[in-house]
């Protein structure tokens, strides 16, 4: 009989593990479904990947509302800016092969570029430090452009700063990298990525976006307008294939991509170390972005991540390389909060990442929210439009005070999180002022902004604080 006791203990231990896994699964279900209901998200796909192997894969809701098609593991979503890491990987493959150098000036490949481009390097394009910024105002997303036309538009636009001086998220920089890939290889960047990355890694359903082709299991993208779900707004075919985020991906494809990042294919581990190295500005300050990935030390853990937002889709891949644990979420709604979803999953494993428990309330004044977001983005960028505020507040926001607020904001959250993560959690009237409280859930932290408006929509006062998460029972 004494030989059976360890067997009984093992069975009990396995039963306990199974019960814990079921409990975790149920809590994840509750979290995701609550988010879907609050944000009117039709469908979500998620994966938790440990040591390159899927530990948990779940799908929720509908891939297509009109035809009542449910989300399944094979459902195809648009990548948004998660696609940038594949463009960066393609560039690094060419660097591994000696066909490019990070310090190459882009004028080596685009000799017709203006004098302002003389100091821009491939490294600058990869790290969003080139000064190119976003698309110039004259670019119409509903019009088709050739690569030559897009490049010409970028070259006409003035640089926002000298290369390497600052960090500013640049879609134009990654589009330029895609054009550079064709210059070097003679191939469309999407074909090169497919041949050298997607197919070798058996990312069998990953491909460049094409709304003309028949794509099995393709989800539809949605947005919420006046509390009603609508189809995504459309863009031209050519603008859906630029290298700043041009891919169709399933959750299974991204799980295979995550597994490959533990190997030497397609990128060597020494190359990935460069990819995840925070960029150093000319001032010597480090910015938490590498090559197509945000890269930070958060709560004493190394974290690399990126979100995607495009045409009615949101996505996020959140990796903890030293813990060998990855969280991936994909949703077919512009109103999904991709950082919150990914961080919420991480919070079940790492309590320090747990989200605050304050629930969102219905936002019935989106114009006010847009104004609040604009104000916060200006402060994060060390600027301030006095026309947004009352005379009293404008007098208080001196250049020194704005600089101080910009430093504080950039230590608490990313501008990209301000754009994509705001949630209204309180709305009340206070004397003659309208008071709103928003939460901005970045990956490591939550920023709370309480902002007060006058009757004529002038900002009378505001308060910014960091909100601590609530640890969940593990």
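The table that follows gives values for the structure above.
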{"item": "Filter result for residue 429 (surrounded by fewer than 20 Cβ atoms within 10 Å (Cβ to Cβ), farther than 27 Å from residue 334 by Cα, out of contact with any helix residue (DSSP H, G or I) (no Cβ under 8 Å at 6 or more places or on another chain) and free of Cβ contacts under 8 Å to residues at least 24 places away in the same chain)", "result": "yes"}
{"item": "Test: residue in the stretch 81-100 that is within 30 Å of residue 280 (Cβ to Cβ), more than 20 Å from the chain's Cα centre (by Cα) and free of Cβ contacts under 8 Å to residues at least 40 places away in the same chain", "result": "yes"}
{"item": "Per-region count, the stretch 257-269, residues in a helix (DSSP H, G or I) and touching a helix residue (DSSP H, G or I) at 6+ places or on another chain (Cβ under 9 Å)", "result": "2"}
{"item": "Any hit, the stretch 153-162, residues being assigned to a loop (DSSP other than H, G, I, E, B) and touching a residue at least 60 places away in the same chain (Cβ under 8 Å)", "result": "yes"}
{"item": "Options 376, 405; residue that is surrounded by 14 or more Cβ atoms within 10 Å (Cβ to Cβ), under 30 Å from residue 36 (Cβ atoms) and in contact with a strand residue (DSSP E or B) (Cβ under 8 Å, 6 or more places away or on another chain)", "result": "376"}
{"item": "Residue satisfying all of: in the stretch 384-396; crowded, with 17+ Cβ neighbours inside 10 Å and in a loop (DSSP other than H, G, I, E, B); modelled with the lowest pLDDT among these", "result": "384"}
{"item": "Members of the stretch 366-403 found to be without any contact (Cβ under 8 Å) to a residue 12 or more places away in the chain and within 17 Å of residue 449 (Cβ to Cβ), listed by number", "result": "366, 367, 370, 378, 385, 396, 401"}
{"item": "Selection from the stretch 152-163 of residues that are under 26 Å from residue 99 (Cβ atoms) and out of contact with any helix residue (DSSP H, G or I) (no Cβ under 6 Å at 6 or more places or on another chain)", "result": "152, 155"}
{"item": "Residue tally, condition part of a helix (DSSP H, G or I) and either closer than 12 Å to residue 341 by Cα or at pLDDT 95 or above (or both), over the stretch 25-61", "result": "14"}
{"item": "Sole exception among (1) over 21 Å from residue 316 (Cβ atoms); (2) surrounded by 15 or more Cβ atoms within 10 Å (Cβ to Cβ); (3) touching a strand residue (DSSP E or B) at 6+ places or on another chain (Cβ under 6 Å) for residue 125, by number", "result": "(3)"}
{"item": "Meets criteria (in a helix (DSSP H, G or I) and surrounded by fewer than 24 Cβ atoms within 10 Å (Cβ to Cβ)) for residue 284", "result": "no"}
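The values are calculated or read from the model by the stated rules, or taken from the named source; none is laboratory data. Just so it is clear, the structure is predicted and the values come from calculations on it, not from any experiment. Note that each Cβ is placed from the backbone with ideal geometry, even for glycine, and that neighbours are counted across all protein chains shown.
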